[in-house]
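Single-structure report; data block below.
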Amino acid sequence: MNLGLDDDELSSCVQCGLCLPHCPTFRVTGEESASPRGRISLMREVQQKGAVVDDAFVGYMDACVQCRACEPACPSGVPFGRLMEQTRETLAATRPSYVPRWRRFGLRLLARHRLVIAGSRMLAVAQRAHLVPASVSRRVGLPARLPIRQARLESSGNDVWLFTGCVMDAWERHVHASAARVIEATGAGVAFPPTRGRAGCCGALAVHAGLGDDARAMARAVMASMPGDAPILVDSAGCGAAMKDYGHLLDTNDARRFAARVVDVHEWLAPRISQLPAGTPIAGTVAVHDACHLRNVQRVHENVRTVLRPYVGQLVELDDEGLCCGAGGAYAALHPEMAADIRARKLAAIERSGATIVASANPGCTLHLAAAGIDVRHPVELLESAIDG
Ligand code: SF4
Ligand code: SF4
């Protein structure tokens with residue numbers, strides 16, 4: 001079966017195995033087929049040797065967290081993320097059961113921002129009435145107390161856009177407010193995209209699921225929502241990685257121009273750190289959890305340390321070389337046991353570090369780690385509270 005993969009990219013893996021220790025699913029299972037090398041071998045078997053696509057193949061592809069820790073570890077530059085995305089797109093197009101209807105419907109809903117906000121409010125009310133079973137909350141990774149009312153985000157200028165997204169805007173809008181406050185403290189004015197219509201989700205979750213057409217529709221709506229030349233700042237590592245890849249996703253010059261404007265908020269703040277006012281250092285020991293899509297895809301994770309260092313009393317490193325926490329977008333909800341096993345390794349690293357606070361720049365990681373009782377804050381929240389004393 002033709003998976004639609006580029007044969008040169010597929011053949012670029014020299015089977016050296018250097019990526020294996022970095023792969024969270026290999027670390028948990030010890031299975032070759034659950035490693036990047038094993039998955040590439042399976043893709044080759046199907047595309048180049050005519051092996052059938054069976055449940056085992058689908059299972060190994062689906063169990064990949066898409067953390068892309070295998071990419072920076074690879075001496076041959078194998079674009080594993082692209083191979084996995086294309087494989088999933090082919091699976092979703094040829095096996096309707098691969099992405100069931102309820103999941104397709106849910107992912108499409110993310111582009112309807114007003115519905116996302118309304119649904120989140122209803123869930124918040126149900127939570128307060130104790131109508132949401134703890135097992136459901138755990139499985140979906142719901143925050144302990146969803147907000148019923150959201151702060152209004154008011155534009156303060158047009159020097160930069162701040163992307164707001166879908167679920168993050170419904171569940172963690174306070175992070176956008178903190179990001180705006182910190183950006184404004186450098187003297188820049190912040191514009192927010194309109195939320196009417198279909199300009200909510202960046203499409204990352206649709207890409208992960210293999211729903212390329214849905215992802216492309218969302219990407220076009222996001223592009224239309226932030227016109228002009230101003231930089232587009234993103235405070236969610238997963239969304240930023242997806243939006244920086246719009247050129248590849250849509251393959252148009254407009255998309256490439258748009259993608260070139262996308263900047264992670266820490267990447268933007270790091271060279272402007274001297275423009276921020278001095279603050280009161282954050283008490284406690286703070287460990288940075290590198291979101292995979294900041295470290296392995298955007299590769300701008302050092303900027304988080306640059307912006308936190310002047311404002312944190314004690315900043316410590318985890319000793320797990322950026323191992324994934326298991327959140328993986330919707331992965332933790334779809335593969336709860338594997339996600340919990342992966343997270344257990346991250347929790348052990350946090351415990352060894354002695355950290356009392358974990359800084360995470362990705363909403364999925366934040367929810368997944370907070371569900372295990374960790375005090376997780378977004379770096380811009382820490383910056384805001386330091387600046388505001
Ligand atoms: S993307 Fe992550 S989980 Fe998937 S094969 Fe690579 S390292 Fe393993
Ligand atoms: S490190 Fe790269 S070349 Fe080596 S096995 Fe992994 S993907 Fe293949």
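Key figures
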{"item": "Some residue of segment 60-70 being touching a Lys or Arg at 6+ places or on another chain (Cβ under 7 Å) and open to solvent by 50 Å² or more (accessible area, probe 1.4 Å)", "result": "yes"}
{"item": "Criterion: more than 15 Å from ligand 2 (Cβ to nearest atom) and of a type in the set (A, V, I, L, M, F, W, C) - qualifying residue of Val99, Val78", "result": "Val99"}
{"item": "Residues satisfying the stated conditions in segment 93-124, i.e. part of a helix (DSSP H, G or I) and open to solvent by 80 Å² or more (accessible area, probe 1.4 Å)", "result": "Ala93, Pro96, Ser97, Arg101, Trp102, Phe105, Arg108, Arg114, Leu115, Arg121, Met122"}
{"item": "Residues located in segment 244-290, provided they are under 21 Å from Ala386 (Cβ atoms) and small (Gly, Ala, Ser)", "result": "Ala270, Ser274, Ala278, Gly279, Ala283, Gly284, Ala287"}
{"item": "Restricting segment 1-45 to residues that are in contact (Cβ under 8 Å) with a residue 40 or more places away in the chain and small (Gly, Ala, Ser), the residue that is farthest from ligand 1 (Cβ to nearest atom)", "result": "Gly4"}
{"item": "Those helices (runs of 4 or more DSSP H) lying entirely in segment 126-241 with at least 2 residues closer than 19 Å to Glu267 by Cβ", "result": "173-185"}
{"item": "Filtered residue count, segment 20-36, keeping only those that are open to solvent by 20 Å² or more (accessible area, probe 1.4 Å) and within 23 Å of the chain's Cα centre (by Cα)", "result": "5"}
{"item": "Counted residues, segment 352-369 - those being in contact with a Pro (Cβ under 7 Å, 6 or more places away or on another chain) and either among the basic types (Lys, Arg) or at pLDDT below 95 (or both)", "result": "1"}
{"item": "Odd one out for Val53, checked against (1) part of a helix (DSSP H, G or I); (2) open to solvent by less than 60 Å² (accessible area, probe 1.4 Å); (3) in contact with a Leu (Cβ under 8 Å, 6 or more places away or on another chain)", "result": "(1)"}
{"item": "Meets criteria (away from ligand 2 (no atom under 13 Å from the Cβ), open to solvent by less than 60 Å² (accessible area, probe 1.4 Å), touching a His at 6+ places or on another chain (Cβ under 7 Å) and not basic (Lys, Arg)) for Gln47", "result": "no"}
{"item": "Pairs with Cβ under 8 Å, 6+ apart, first in segment 130-145 and free of Cβ contacts under 8 Å to residues at least 12 places away in the same chain and surrounded by 14 or more Cβ atoms within 10 Å (Cβ to Cβ), second part of a helix (DSSP H, G or I) and not small (Gly, Ala, Ser)", "result": "Val132/Leu123; Ser137/Gln127"}
{"item": "Identity of the residue in segment 1-19, open to solvent by 40 Å² or more (accessible area, probe 1.4 Å), within 15 Å of ligand 2 (Cβ to nearest atom) and not in a helix (DSSP H, G or I), that ends up nearest to Arg88 (Cα to Cα)", "result": "Asp6"}
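A quick yes/no check of all residues on (1) at pLDDT below 95; (2) under 27 Å from Gly212 (Cβ atoms); (3) acidic (Asp, Glu):
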{"residue": "Gly238", "(1), (2), (3)": "no, yes, no"}
{"residue": "Met243", "(1), (2), (3)": "no, yes, no"}
{"residue": "His248", "(1), (2), (3)": "no, yes, no"}
{"residue": "Asp251", "(1), (2), (3)": "no, yes, yes"}
{"residue": "Arg256", "(1), (2), (3)": "no, yes, no"}
{"residue": "Arg261", "(1), (2), (3)": "no, yes, no"}
{"residue": "His266", "(1), (2), (3)": "no, no, no"}
{"residue": "Gly279", "(1), (2), (3)": "yes, no, no"}
{"residue": "Ile282", "(1), (2), (3)": "yes, no, no"}
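Residues checked against (1) buried (at least 24 other Cβ atoms within 10 Å of the Cβ); (2) over 19 Å from the mean Cα position of the chain (by Cα):
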position: Asp290; (1), (2): yes, no
position: Leu315; (1), (2): no, yes
position: Gly322; (1), (2): no, no
position: Leu334; (1), (2): no, no
position: Ala348; (1), (2): no, yes
position: Ala355; (1), (2): no, yes
position: Asn362; (1), (2): yes, no
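The values are calculated or read from the model by the stated rules, or taken from the named source; none is laboratory data. As the structure is a prediction and not an experimental result, all values here were calculated from the model. Ideal geometry is used to build each Cβ from the backbone, glycine not excepted, and the neighbour counts take in all protein chains shown. These accessible areas exclude ligands, DNA and RNA; they are computed on the full protein's heavy atoms, side chains included. Shrake-Rupley method; radii C 1.70, N 1.55, O 1.52, S 1.80 Å.
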